[in-house]
Structures are given as structure tokens and as C-alpha cells.
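The values are calculated or read from the model by the stated rules, or taken from the named source; none is laboratory data. What you are looking at is a predicted structure, and each value in this text was computed from that prediction instead of being measured. Neighbour counts are summed over all protein chains in view; Cβ atoms, including those assigned to glycine, are modelled from backbone coordinates with ideal geometry. Note: accessible area is taken over every heavy atom of the protein model, side chains too, but ligands, DNA and RNA are not part of it. Shrake-Rupley method; radii C 1.70, N 1.55, O 1.52, S 1.80 Å.
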Amino acid sequence: MKETIIALLDEALVTLKQQGVLPADTSPTIKVDPTKDKAHGDYATNLALMLAKPAGKKPRDLAEALVAALPESAAVSKTEIAGPGFINFFASTDAVAQVVAQVLESGDAYGRSLAGQGQKVQVEFVSANPTGPLHVGHGRGAAIGDSLCRLLEAVGHDVTREFYYNDAGAQISNLALSVQARVKGLGPEDAGWPEDGYRGDYIQDVANSYLAGETVHADDRHVTAKGDPEDLDAIREFAVAYLRREQDLDLKAFGVEFDVYFLESSLYEDGKVEATVERLIDQGHTYEEEGALWLRTTDFGDDKDRVMRKKDGGYTYFLPDVAYHLDKWQRGFARVINEQGADHHSTVTRVRAGLQALDAGIPQGWPDYVLHQMVLVTRSGVEVKLSKRAGSYVTLRDLIDEVGRDATRYFLAARRADSQLTFDIDLARSQSNDNPVYYVQYAHARVCSVLRRLEAEGLSFDHDLALANLASLTEDQEKALMNRLARYPEVVAHAAASREPQQVAQYLQDLAADFHTCYNAVKVMVEDDALRNARLALGLATRQVIRNGLDLLGVGAPEEM
RNA sequence: GCGCCCAUAGCUCAACCGGAUAGAGCAACGGCCUUCUAAGCCGUGGGUUGCAGGUUCGAGUCCUGCUGGGCGCGCCA
């Protein structure tokens, strides 16, 4: 419909140019938007306002000229000029209703496109270190990151989901020491407990499992415990595998799976860290000072230079980060999106600067970042403090168990990434209508319920009869619902382009509202076969779009509540 | 002090490359179940879009400066 109007306006422009009303060199991007107020028709364009200045005419006069030049079309029943010079289009009932046929024909594919042309995109997200269970912040990253991947796939990209973690640094040593202390029967209050050791109960679980000689399988590794309290290397290896398995299980329960697990240690093993250092030195952007090797990142927009190699000879995390991203580039990802917590935003400039210093042909501003702000968790109105090192924090698993997977994913993905999020456990737990995910799911379940009713009455949906009678969907509420359905592909495209899965959630709430309104106003199970089937078709189309949209969020579409 | 992000109804949040009278949900108030699931619908009240300027036909949206909040500013990750 929208495309039809744009095409009509395009023809009108050509005509006006031929008539000399418009300069021949004007080629504006024609913007047609759905209206907010149905008194303004179904679609509106601000074209006359945009062109008023170059044409040297009053907007309303130009609008009249444009309308006069519009070709006839069966899709448009009426046009109006309104306000300062908007042109409003009233779609014909037939044209609006065609979306129902389109949705039913496309099914799961409705809203999807091939616009991405199979371009490879890598999305790195979660990337938690294996030092403990995933917390709510990781959950937000998982929900946003995975939805983003689903969106990118929906618009035709070849997406790789990647999880990067440090399996060898100081934090991991601390983990190993903590587990070893538990293995030896020590607690955080005892003398000999490692300084800054991980105090959480899960450390005891790891220790017990280690002592029992258990075998753990994570997606990317497979380790049997030695059970020897003195073998720190064995403890470390086991603890990492144990916690990776834990995280994998949490993510699986959350509906998130990765294609690639990338180990920081592999960068060292493969000589990629060393090669990166050498390359940076060769490019002349480094210097030594106070026994450390620095990279002059200030040449590339950073506010201070960064240490790459410490005076003790070890590398800072910065260097493997650069080596890792060089590796991504070399793997052929012209587009990479890193989803991470905003508390790490300082790495953005730094990593990009490091990549520029390599002079490897990597574009400035590569890779992209989506940063999510902190998640505050409250229980009984009191903030639950997130502290990984202290070991007391709300885990993702807690939320999935208490709140349910669907509501948790919806809550965490339904808000803009760059606004802070308060996750009220009590509110999210309550199975009340406070929870928007139920509102959307209920709309889906209601359609299913009508179908059950249909069957109970010994009737069935007649597809051909329905499509032949779509023109009988003339109620205002039906028209509003159909207009909403028609917008879905655009919503998907826009959400993917702006990397904001939250737009899909917003759309679904609007769609569900339109449906509920329609449901209350218009009875589906009427005597008239033609009308009943047409309305059933509208319900089925709505159900399809809700299902498609929820799938982009990784949320299920139940058939009954 | 410097950098990044945010500020919209009492609360939680929307607002599609700047568009018409800023929208939903919750909370408040009033209606709607002998009729497809009332986890729903309809209606009422509720706003100087933090403040002050600027850009233009038009600003919640863009620019500048403030105020308030979050995060970051390690030879930690």
C-alpha cells in the first residue's frame, strides 16, 4: 500500500517537472507515513512541505498541484490536503484487506526480507567470563543480543553468534584458588582463604563436584575432575568447564545458543597476540616508558595512551581485545556488532584505536557496538546489589525459574538498551496484567480459542471463501487492525537497521491492543459463512504476525493461557 | 575535573532518517460478562517532553550552555 502511494507520487512528480512547476533536478526521497489519527486517512506525506522551498511555492498550493497530477488508482479512495500542506490518502477497503491474503500466503516468512543479501554479520554478546553464574546484566545482553541476531536474520543476513571469554587471566586464577580453598574445607571467614576470593555458594558446588571426580560437558569443552586438592591446574580447568556448562544451561533455558565460543587463550596459543604486538610496533605507534610498552591511541581519538605490555611482561586485556577483533576482521566479517554492558564503554574507543593503528584496512568506526545500561534488581521494594566478586547477586537462572523464560526475555528486550532498567522481581513474578507479555500472548491465545470454538461447532475455515470476501472487512476496528498488520515488515526492517529489538515489542503491544479492540467490537462466529470466514482470516493473519514478532524476541506464542 | 549514556503523565515506558492535537500500560474514577477466554473492552481525569537559548514552514527529536542521575576514567576485565 505504502509502496503504491510512493509510486503514485513519483509519477506526479514527473508530471509536475514536465509542466515546469518543479525544477527538473528535484529528486526528493518520498516519505509516506501511516497516520496517527484516522481522521487524517490511512497514509500521509509531507512531500509538499519538503518541496515548497525549492519550488518557490506555498506548500498548500504545491500540494494541490501534486494531487491534481496524481494518477488514478483503485487503491486510493480519496485524497485530502490538510494542515500546513500534508496530503492525506484514504486507502480503499480492498487495498487494505489485501494484507490479510498476503500474511496468510507468506506465513512465517511474512515480515522477512532478503535485503541483507546474505551478508555475513557477526554478533558478539554475553561474553561472560567463567567465574560464576550469569547475572541479570548478562541476561539483558543475551535477550538483546539474540533478538538482534533474529532480526538480522529476518532481513536476510548470515549471522554468526559468538561468545568470547577469558579462560586464563587473573580472574581465572582467583577462581581456581577459591575452588581449591573450598576443596580443602576452607570458608571465606577462615585464615588462608584467598584474598578477593569468590565467596558464592556455587564455589562449594564446584569443589564438591571436583572431589567427586565428576565429568562435565560444556558446549565447547569436556573435562573430568582429577579430585587432587593440590593440582591447581586441574582445578582451574575443571572449574572453568563446570561454570561454562552452568552458563550454557542457563542460556539454553533462556533460548539462546551460540555458533562460536572463542577462547582468549587461543589467541596466545595461535601466536595472534604476539603477531599483533609486532605489527603495532612495526607501524610505529608504540613507545616504551617505565618498563611498559604503550600504544599511542591518542593518535586515533583516545583520551590517553594505553599500556599494552606491563612491566612484568604480561599483556593487558587491551591487547588480546585488539588481536581478537583483527581475527574477526580476517574471518571476513565486514560487519561486526558487539553487544555489551555500558560499564565497558571505554573499550570502544580503545579497541577501534588499536585496530586503526594496525593499518590493516579496517574502516574507522568498525566494529559497531550496542551498549546496554545497568539493570537494577529490586525485591520487596529493596535493591538487590549486583556484585560478582561478593558472590551475592540475582542470577539469570533465578529469574528464569521465578518469572518464567518468556516474561524474562520480554522484560529484558522490550526496553531501549541505553536506558537503565529496573527489574522488579515481585512485579515480574506476579501473573497479573501488569505484565505486557501476557497481553500480547493472550491476543494470540484468543485467536486459537476462536478456532477451537469453530471446530467445536463442526465448522472449518474455508480459505478460498475467506479470501474472496475480504472486502467485507469494513468495520473501523478491522481496518485499523489490517493497517497495523501491513506495517509489520517495515517495523522489522527498521528495528534491524537501528538495532533496537524493543521496537518489535512496542509494535506487538500496539497490534495486540488493536486486536483486543477488534475482538470486543466485532464478533467472528457469525452465521454468514462469507463474513465469518473473512473475519477468521483476519484473526489468523493477526495470530501469524504475533507469532512471527514474538519469535523475533525469542518469546513463545501459547495457544491457551 | 574529563568522557559516554539518560531525563517525556503520580509510576513503568513509547513516539518510525524533524511533521498535524506527544501515545500505551499500571495506579485513580465511571461503565461492559444469559453472546467467540473479562489475563479483555469502552469512557473520564492526568503533560510548560528537566531548565535556558538557537537552527526552520515546523523541535520530545538537531545544535549550544546549564541542572539532576547512571557508568567509566588501572601496568583489572
### Members of region A:27-65 that are more than 6 Å from RNA strand B (Cβ to nearest atom) and of a type in the set (Gly, Ala, Ser)
A:SER27, A:ALA39, A:GLY41, A:ALA48, A:ALA52, A:ALA55, A:GLY56, A:ALA63, A:ALA65
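Could you list, in sequence order, the residues of region A:488-533 that are more than 10 Å from RNA strand B (Cβ to nearest atom) and part of a helix (DSSP H, G or I)? Steps first, please.
Initially, region A:488-533 is screened for residues more than 10 Å from RNA strand B (Cβ to nearest atom), giving A:488-489, A:492, A:496, A:499, A:501, A:504, A:508, A:511, A:527-531, A:533.
A:TYR488, A:PRO489, A:VAL492, A:ALA496, A:VAL504, A:LEU508, A:LEU511, A:ASP529, A:ALA530, A:LEU531, A:ASN533, listed by residue number.
Look at A:LEU485 and say whether it is part of a helix (DSSP H, G or I), open to solvent by 30 Å² or more (accessible area, probe 1.4 Å), at pLDDT 90 or above and not aromatic (Phe, Trp, Tyr).
Details: part of a helix (DSSP H, G or I): yes; open to solvent by 30 Å² or more (accessible area, probe 1.4 Å): no; at pLDDT 90 or above: yes; not aromatic (Phe, Trp, Tyr): yes.
No, not satisfied.
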### Message
Suppose the filter is under 26 Å from A:ALA495 (Cα atoms) and buried (at least 17 other Cβ atoms within 10 Å of the Cβ); does A:VAL99 pass it?
### Response
yes
## Note on the structure
Counted residues in region A:254-304 being in a strand (DSSP E or B), within 14 Å of RNA strand B (Cβ to nearest atom) and under 19 Å from A:GLU162 (Cα atoms) come to 2
### Message
Cβ-Cβ distance below 6 Å, separation of 6 or more or different chains: which pairs start in region A:333-346 with a residue that is more than 12 Å from A:ARG499 (Cβ to Cβ) and end on one that is more than 6 Å from RNA strand B (Cβ to nearest atom) and part of a helix (DSSP H, G or I)?
### Response
A:VAL336/A:LYS328; A:GLY341/A:GLY137
#### Entry: Subset of region A:254-266 that is at pLDDT 95 or above and aliphatic (A, V, I, L, M) - its residue that is surrounded by the most Cβ atoms within 10 Å (Cβ to Cβ)
A:VAL256
### Task
Exactly one condition in (1) open to solvent by 40 Å² or more (accessible area, probe 1.4 Å); (2) over 34 Å from the mean Cα position of the chain (by Cα) is not met by A:LEU8; state its number.
(1)
### Message
If I go through region A:159-193 residue by residue, how many of them are more than 26 Å from A:PHE125 (Cα to Cα) and crowded, with 18+ Cβ neighbours inside 10 Å?
### Response
7
### Query
Pairs, please: C-beta under 6 Å, at least 6 apart or cross-chain, first residue closer than 23 Å to A:PHE89 by Cα and in region A:17-39, second open to solvent by 70 Å² or more (accessible area, probe 1.4 Å) and within 6 Å of RNA strand B (Cβ to nearest atom)?
A:PRO28/A:MET50
### Query
What about A:ALA218, is it farther than 30 Å from A:ALA292 by Cβ, under 28 Å from the mean Cα position of the chain (by Cα) and surrounded by fewer than 17 Cβ atoms within 10 Å (Cβ to Cβ)?
no
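Determine if region A:462-471 includes at least one residue that is open to solvent by less than 40 Å² (accessible area, probe 1.4 Å) and of a type outside the set (Val, Ile, Thr). Before you say what the answer is, go through the steps one by one.
Within region A:462-471, the subset open to solvent by less than 40 Å² (accessible area, probe 1.4 Å) is A:466, A:470.
If we keep only those that are of a type outside the set (Val, Ile, Thr) as well, we get A:466, A:470.
Within region A:462-471, one or more residues are open to solvent by less than 40 Å² (accessible area, probe 1.4 Å) and of a type outside the set (Val, Ile, Thr).
State the number of residues belonging to region A:16-50 that are open to solvent by 80 Å² or more (accessible area, probe 1.4 Å) and not in a loop (DSSP other than H, G, I, E, B).
From region A:16-50, those open to solvent by 80 Å² or more (accessible area, probe 1.4 Å) are A:18-19, A:24-25, A:27, A:29, A:31, A:36, A:38, A:40, A:50; that's our starting set.
From what's left, not in a loop (DSSP other than H, G, I, E, B): A:18, A:38, A:40, A:50.
Total meeting the criteria: 4.
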